Amino acid sequence: MTKNQEKLQALSEKLSHYAQKFPILLSFPANVYGIKASSQLQQQATTTTTTTTTTTGLEEGVSHEEPNYTKDNVPLRTSSDFINYRLLDTDIDFISGEPTSLSTLTESLQDFVKDLEKTGCYESVQVILGRQSRALSSNGTSSSISRELDVVLQEKNWYKLYMGGGIKQDFHPAASSSGTGMIPKMQFETSASLINLTGETDVTQLYYSLDQTSTPSLSLHHTRPLYSLLPGSWSDAVLNMDQGSKIGITLKASVDTLDYDTFRSSKDHVQKVSVKVSNSTVGSNSTGHMPGNDGVYSGLEWSLAFRDVIPRRHGTVPFRYDASPEVIAASGPNLKHSLVADYRLNGYLTDDRFNPTAGFDAYGGAEVAGPPGDVGFVKLWGGASVHVPIVPELDTDASKRSGFLKQVFHGLSLHTSIHGGAIKGLDFGGLCYSGGTGRHVTNISDRFHVGGSHQLRGFLPSGIGPRSTGGGASAPGGDSMGGDVFYTASASLSVPFPGNKFLANNGVRLFAFVNSGTLTSFENAVTNVGSFVNSSRTAVGGGVSVGTAIGRLEATYAVPLRYAP
């Protein structure tokens with residue numbers, strides 16, 4: 001690099017640093033406009049503004065020509081109050097009247113746009129600033145010149161009809177730790193939605209699906225910001241909370257059948273009503289760790305579910321069960337009344353949410369079930385992972401000059417994780433089922449089921465833990481009965497995919513791992529800790545992984561070193 005180039009680069013850095021700190025004072029509230037198409041955002045030519053001084057000391061000028069979207073404004077369903085509430089929850093200081101730096105302004109408005117786009121109510125969201133506005137101070141003199149803030153929205157239709165196909169995967173709130181052992185299945189999906197009818201990004205959806213085993217599911221939910229559902233002072237109290245306008249609530253009723261035939265020879269037919277509040281409107285209508293829920297998530301859900309555990313029927317003898325005696329004994333209806341609290345970082349402190357190479361991630365949750373339901377328990381789960389880069393990645397030129405080992409191991413990262421959970425049955429003085437043994441037996445549907453990729457590689461879904469001596473045709477090794485206490489731990493090393501720049505540049509990585517874990521009853525874990533640890537299963541192996549928009553995808557080959565205690 002020549003001296004002139006160095007000077008130009010230094011000057012460019014100084015200008016960039018100055019621009020990022022440049023203070024901008026924004027007027028409030030923001031102007032909210034509607035458009036039919038993005039082409040309306042094309043600005044008309046502006047005229048030069050000249051200023052003169054009047055006898056009152058105020059500057060007057062010929063204002064520039066107004067942009068198209070202000071003259072051809074399309075009526076909106078969206079409430080302007082809603083938009084301004086969301087702006088108040090950014091890092092921009094609208095209250096004190098002090099200017100905000102350009103860097104803070106840019107970052108905050110980008111987050112504001114992303115949050116609105118996630119609601120699914122808008123084709124596009126644009127934020128435009130720059131038009132000057134003036135305000136008079138109390139003594140009649142001119143106050144500081146501020147910039148108008150225009151929010152330009154292209155709304156979607158008030159309704160949406162959908163018909164297509166998808167993949168069914170049932171997630172439990174503790175899915176990242178305990179899992180459900182569910183194998184994804186193809187399904188037919190159809191839905192009808194009412195979008196943003198009240199102007200608060202509210203969504204009402206009726207959803208129906210039919211999977212490849214002809215198992216149907218039906219749900220109806222309504223999602224909206226919490227403050228918009230509450231009266232007067234209650235609404236104000238929510239808005240006065242930090243990020244209060246983003247807190248969402250979802251009211252939901254559903255009928256579904258969870259297919260556990262592949263590992264415990266039974267299905268759960270569930271009829272459920274629930275109310276969920278979370279720190280984001282989108283998150284209140286999900287389990288919190290699904291793709292699309294970026295950033296820190298916290299939620300609280302109340303639910304009342306009527307569940308019926310139905311053993312697998314024999315293929316040729318219609319009045320005979322094809323399941324173990326233990327599953328048949330655990331079958332039948334039950335009523336679950338519970339409260340679930342859930343917290344997840346969702347990769348907020350990592351460089352990549354689904355395939356990280358550096359950073360820290362964690363999650364945790366708790367569930368309490370009791371009267372008026374007839375199952376009672378307290379359940380805890382959590383986990384954490386640490387990702388440490390060991391060898392820095394090399395650029396193209398450095399890679400060509402380096403030796404074979406450096407080319408192979410550049411970008412090497414160490415990954416460690418640990419997960420665990422426990423459930424303890426409660427009878428609430430005889431109001432809930434205790435199994436008749438005095439041990440406060442938990443229901444098979446509430447226990448942990450451990451195994452499978454992303455949980456304990458080298459073992460089948462729900463492949464470890466207490467099992468029956470025999471099982472149905474779909475579970476010849478014995479039905480998984482689930483356990484009350486579990487842990488899994490893993491350590492792995494990963495590198496960018498060697499020998500293929502396209503795969504390496506698109507986040508595909510090779511990894512080698514060792515993982516261990518176990519699952520047992522509460523009594524065994526508490527009374528004999530040594531036995532609990534000694535019952536650990538272990539496997540080693542390797543694989544390929546990539547982070548995608550729908551989550552982490554990986555293909556692994558594992559060799560179990562220890563199958564059973």
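Nothing in this text is a laboratory measurement; each read-out follows from the coordinates by a stated rule. In this text the structure is predicted, and so the values were computed from the model without any measurement. Cβ sites come from the backbone with ideal geometry, for glycine too, and all protein chains shown count toward neighbours.
Some points to look at:
- From most to least packed by mean Cβ count within 10 Å, the peptides 414-423, 456-465, 309-318 give 456-465, 414-423, 309-318.
- Pairwise label distance in nanometres, PHE306 with GLU123, each label 7 Å out on the Cα-Cβ vector: 4.5
- For the range 196-330, the equivalent ellipsoid derived from the alpha-carbon gyration tensor has semi-axes of 39, 14, 13 Å in decreasing order.
- Here is the P(r) of the range 418-565: all C-alpha pair distances, binned every 5 Å from 0, give 2, 9, 15, 17, 16, 14, 10, 7, 5, 3, 1, 1, 0 in whole percents.
- One chain, two ends: VAL391 and ARG313. Fully extended at 0.36 nm per residue, the span grows by 22.5 nm beyond their Cα-Cα distance.
- Summarising the label geometry, the points placed 7 Å from Cα in the beta-carbon direction at LEU220 and ALA473 lie 3.8 nm from one another.
- Put simply, the amide H of GLY541, placed in the peptide plane, has neighbours under 5 Å in PHE513, VAL559, leaving out anything fewer than 5 places away on its chain.
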